[in-house]
Amino acid sequence: MKGDNTGKRSGKPRFKGKGQYKTFTYPQFKKEHFQNDKITLSKIGVIKVIVHRQIPDGFDIKTVSVTKKADGYYVTLSLEDKTVPIIKPDFDINNIVGIDVGLIDFIVSSDDKRIAAPRFLRKSERTLKSAQRRVSRRKKGSNRRKKAIAKLAKQHKKVADTRKDFHFKTANNLLKKYDVIALEKLNIKGLAKSRLAKSVNDAGWGQFISILTVKAENAGLKVIAVNPNGTSQECSNCGTKVIKPLSERTHNCPNCKVSLCRDLNASINIKERGTHALKAQIMSSLKSP
């Protein structure tokens, strides 16, 4: 097979079936095509929609995306208003917390506040397996199989929506209490390929960090990512490196005799690293013209 311009094999072309297209976007859209509870889409026509919130005065519709989900079609409008001012950072650098994300406790903060991992996927496994078996028993191409697939997709969507709601509420609660949140810069894609893949995907750290970062920027607050190397092994009290396996959940320092939870020790180290990184950023911005 002939390679591409880099000399590598490009493989056979893959063609998508009609059921594989989930989203399409109108890059240009006229505001008058969206009135009350009706939207006019090119080559489709007038469609009645359930409007969750009205478009504020002065905003222009830039793009429109139509997405097919398990429970129906969703229309997403991208809006622009040039009169809206840019939110400037306004935070107290001393009101900082370090958080360590995990699989047992979803969050352990440097002030020893804990949120247990909800494990939405694990709790729904029995229902999902039953729905999956129902799909596998149906004849391929039959209407009964299509209905079974739709029910399975709704179950997965319910798990995903519940997890996302949990992430939003957790992010809101953190940003109400703290101005700066330090966390580890994790290789989540790499962790999702390990033997802990199911638990890592169930926790949804990537989605949570993304939500937390966006909401912090919108509030003028700060999320800072630090180097994760050694946060669990380094003693938060004296700095001594204490090597311990993942199964050992308590940090016992032979040098200063401090004993505390492994995750709490890590979150305190994350807070310290975040404080140093934030001060370095501030000093760098003051020096730059």
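The values are calculated or read from the model by the stated rules, or taken from the named source; none is laboratory data. Predicted model, so just to flag it, every value in this text is computed and none were measured. Positions of Cβ are generated from backbone atoms using ideal geometry, with glycine treated the same way; all protein chains shown enter the neighbour counts. Please note that ligands, DNA and RNA were not included when accessible areas were found on the heavy atoms of the full protein model with its side chains. Shrake-Rupley method; radii C 1.70, N 1.55, O 1.52, S 1.80 Å.
Kindly evaluate G58 against the criterion of being without any contact (Cβ under 8 Å) to a residue 12 or more places away in the chain and among the small types (G, A, S).
In short, no.
Please report, ordered by residue number, the strands (runs of 3 or more DSSP E) entirely within segment 154-252 with at least 1 residues that are basic (K, R) and open to solvent by less than 40 Å² (accessible area, probe 1.4 Å).
In segment 154-252, no matching strands (runs of 3 or more DSSP E) lie anywhere.
Can you pull out every residue in segment 131-153 that is small (G, A, S) and assigned to a helix (DSSP H, G or I)?
A131, S136, A148, A150, A153
Quick check: anything in segment 37-44 of a type in the set (S, T, N, Q) and in contact with a helix residue (DSSP H, G or I) (Cβ under 7 Å, 6 or more places away or on another chain)?
Yes, the conditions are met somewhere in segment 37-44.
Yes/no per residue for (1) acidic (D, E); (2) modelled with pLDDT of 95 or more; (3) farther than 30 Å from R273 by Cβ; (4) touching a helix residue (DSSP H, G or I) at 6+ places or on another chain (Cβ under 6 Å):
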site	(1), (2), (3), (4)
L79	no, no, yes, no
P89	no, no, no, no
V108	no, yes, no, yes
K129	no, yes, yes, no
G141	no, no, yes, no
K146	no, no, yes, no
K169	no, yes, no, no
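When you check Q207 against the structure, is it without any contact (Cβ under 8 Å) to a residue 12 or more places away in the chain and either within 18 Å of D105 (Cα to Cα) or in contact with a strand residue (DSSP E or B) (Cβ under 8 Å, 6 or more places away or on another chain) (or both), yes or no? Before the answer, list the steps.
Numbers: without any contact (Cβ under 8 Å) to a residue 12 or more places away in the chain: no; either within 18 Å of D105 (Cα to Cα) or in contact with a strand residue (DSSP E or B) (Cβ under 8 Å, 6 or more places away or on another chain) (or both): yes.
No: the conditions fail for Q207.
Taking G102 as meeting all but one of (1) at pLDDT 95 or above; (2) buried (at least 17 other Cβ atoms within 10 Å of the Cβ), write down the number of the exception.
(1)
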